[in-house]
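Structure first, commentary second.
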Amino acid sequence: ALLATTAAVAFPSSLAAVEPADDLVAVGSVRIKPGVAEPSQDGGALYVTVRVIPSNNVGTYVTAGKVPPLATARIASPITFPYEVRLTLADLTPEYSAVPRKEWQQQDLTISARWDTDGTAATRGPDDLVGRGLVEKYGKLDSTQWRQAEVALEGRGLTGRLLTGGK
């Protein structure tokens, strides 16, 4: 019990070594796509966003044409890739904090990750890396039966670089 308490205090909730299964929201692995240079760790941060994939409940999750994030996390450098992401109830966004868990806890999820080179979420730099993966829950509450997301980070492409002033 002491180890779990120490891990929860020493690290952000997404890094906690032990969490009750019913607190787990999403799990995945973030890696650098083969052929992509490992990013500089100086001042960078990994931003992780989890969204419910709307199915027959589109009206419940979509607001103004967008699905709000279910959970988010910011992991400051230094980190080692591949990086295991574990988002828990502590990472829920305000939009979902009052939504009953039964509304989303068995739903498949999209995990989006971005390595932000300057560590500031509001900026988009030409060297930032992005990726997306799918957590398949198969309608199960037991996280050991989920297929965790595999997220491969890569460059944002020419269009993304042009929009952010990159060359």
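The values are calculated or read from the model by the stated rules, or taken from the named source; none is laboratory data. All of these numbers come straight from a predicted model, not from anything done at the bench. Here Cβ is always computed from backbone atoms with ideal geometry, including for glycine, and neighbour counts include all displayed protein chains. The accessibility values were calculated without ligands, DNA or RNA, using every heavy atom of the protein model including side chains. Shrake-Rupley method; radii C 1.70, N 1.55, O 1.52, S 1.80 Å.
Condition check: more than 15 Å from the chain's Cα centre (by Cα), within 22 Å of ASP22 (Cα to Cα), open to solvent by less than 20 Å² (accessible area, probe 1.4 Å) and not polar (S, T, N, Q). Does LYS102 satisfy that? Give the derivation first.
Numbers: more than 15 Å from the chain's Cα centre (by Cα): yes; within 22 Å of ASP22 (Cα to Cα): yes; open to solvent by less than 20 Å² (accessible area, probe 1.4 Å): no; not polar (S, T, N, Q): yes.
No, not satisfied.
Can you work out which of the residues in the stretch 64-75 that are open to solvent by less than 50 Å² (accessible area, probe 1.4 Å) and at pLDDT 90 or above is farthest from LEU24 (Cα to Cα)?
Here is the first cut: in the stretch 64-75, the ones open to solvent by less than 50 Å² (accessible area, probe 1.4 Å) are 67-71, 73, 75.
In the following step, the residues that additionally are at pLDDT 90 or above were identified as 69-71, 73, 75.
Values: PRO69: 16, LEU70: 12, ALA71: 11, ALA73: 13, ILE75: 17 Å.
Step by step, filter the stretch 64-75, then rank; the result is ILE75.
Taken together, ARG51, ARG124 contain a single residue that is in a strand (DSSP E or B) and modelled with pLDDT under 95, which is ARG51.
Of everything in the stretch 40-51 that is within 18 Å of the chain's Cα centre (by Cα) and open to solvent by 10 Å² or more (accessible area, probe 1.4 Å), the residue that is farthest from GLY131 (Cα to Cα) is ARG51. In the stretch 128-143, the residues that are over 13 Å from VAL50 (Cβ atoms) form Cβ pairs under 7 Å with partners that are basic (Lys, Arg) and part of a loop (DSSP other than H, G, I, E, B), at six or more places apart or across chains, as follows: ASP128/ARG156; VAL130/ARG156.
Annotation note: of ASP128, ASP118, ASP91, the sole residue that is open to solvent by 40 Å² or more (accessible area, probe 1.4 Å) and within 25 Å of ARG31 (Cβ to Cβ) is ASP118.
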